[in-house]
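Below is one structure; the comments refer to it alone.
Just so it is clear, none of the values below were taken in a lab; they were calculated from the coordinates. Since we're looking at a predicted model, the values are computed, not measured. Cβ: placed from backbone, ideal geometry, glycine included. Neighbour counts: every protein chain shown.
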Amino acid sequence: MTELLLSPPASSSAPLRTDEFEFVCALASAELAPERIEHIANWNRSALDWSEVLRLAEHHGVLPLAARNLIEHARGLPADVERTLRSTYDANLRSSLWFTAELARIMQHFERGQLRAVPYKGAVLAQALYRDLGLRSFSDLDFLISSADFERAKQALAEIGYRPAADLTPAVERLWLRTGYERAFDGAAGKNLVELQWALLPHFYGVDLHLNDLRVEDLMARAGRIVVGGCEVPCLSPEDSLLVLCLHAAKHLWTRLIWLSDIAETLRSQSPAPPIDYALAFARARALGIVRASGEAPPTRGGNDCGRSSCARSRRRIRRASGSRCRL
């Protein structure tokens with residue numbers, strides 16, 4: 001990153017920079033309504049602290065979105081800011097393309113060994129929701145697998161150059177398969193590049209996924225298909241994707257804008273994808289006891305009101321976290 005992104009943050013005792021935060025919120029969308037485009041174009045940018053805008057966008061995981069939207073819709077950007085935005089978007093696109101190629105390589109190797117796995121988040125999310133691999137940043141590849149297939153999956157990854165990030169004895173690894181939920185793997189290009197997950201959450205969270213409809217085996221049985229980087233791979237159903245994204249954001253206390261953006265894009269991107277069956281999604285949420293993590297009530301107007309009150313509370317939480325320079 002350039003100096004604009006590396007400059008140290010101000011003291012945590014500084015007042016909230018609500019104008020910078022609201023500007024980043026306005027930019028954090030894949031599709032901008034005409035009135036928002038006009039709002040961005042006419043924003044009083046002379047009063048903005050650009051270092052803070054870029055820091056907030058990076059911290060909240062929406063810098064590629066902000067870069068695209070600013071370059072396309074903001075007039076008269078400072079030259080150094082525009083250079084930073086363009087280089088940031090390009091760097092993220094290169095990284096995303098590399099991960100997408102690895103996704104295809106891993107899935108093809110799994111399929112040759114008749115090993116079932118469902119990739120989620122990362123490249124699949126970027127393609128399904130944003131239709132542009134450069135618009136969402138991610139730093140690893142996540143695969144849902146059955147715990148019964150873990151050893152085979154670990155061996156398959158070893159055959160193409162991936163090793164567990166932590167060395168565990170066989171006894172400890174067996175215990176971890178019963179009590180944990182994921183294992184990270186390193187590759188030649190870096191550490192923690194791949195994660196195998198046999199559950200969505202650690203066991204100490206108050207959600208019993210094993211007795212309800214969000215076990216990995218259930219998710220895999222309902223999976224659809226999507227083309228990512230020219231390779232067709234499995235993907236979560238629309239209802240499962242919505243609940244999984246809500247669970248992930250709730251697990252991290254809703255403290256980053258990108259997680260709200262992912263949920264908003266999930267609700268928005270129902271065409272040409274299969275529409276979300278909200279009654280089914282909320283029935284599963286009620287069975288799991290995660291209705292508050294998924295929104296207060298089913299939508300009443302085609303999905304546009306889904307979780308509005310929850311999102312408002314989340315946005316206030318995010319603003320407080322941003323003002324205190326909270327790091328995840």
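How would region 16-323 be classified by its alpha-carbon gyration tensor: rounded, prolate or oblate, with rounded meaning a/c under 1.5 and the a/b versus b/c comparison settling the rest?
It is prolate, given that a/c is not under 1.5 and a/b is the larger ratio.
Hey, got a sec? Which GluC sites (Glu not before Pro) in region 182-238 land in a DSSP loop and have at most 14 other Cβ atoms within 10 Å?
Passing sites in region 182-238 do not exist.
So which lysines pass the test for Lys191, namely a Cα distance under 20 Å, with those fewer than 8 places away in the same chain ruled out?
Lys191 reaches Lys121, Lys154.
Rounded to the nearest 0.05, what FRET efficiency is calculated for Asp167 and Glu82 with R0 set to 35 Å and r the Cβ-Cβ distance?
After rounding, the FRET efficiency stands at 0.15.
Packing-wise, with mean Cβ within 10 Å as the measure, how do 156-168, 97-109, 128-140 rank, highest first?
128-140, 97-109, 156-168
Please sort by residue number the trypsin sites (Lys or Arg not before Pro) in region 175-252 whose DSSP state is loop and whose Cβ has at most 15 other Cβ atoms within 10 Å.
Arg222
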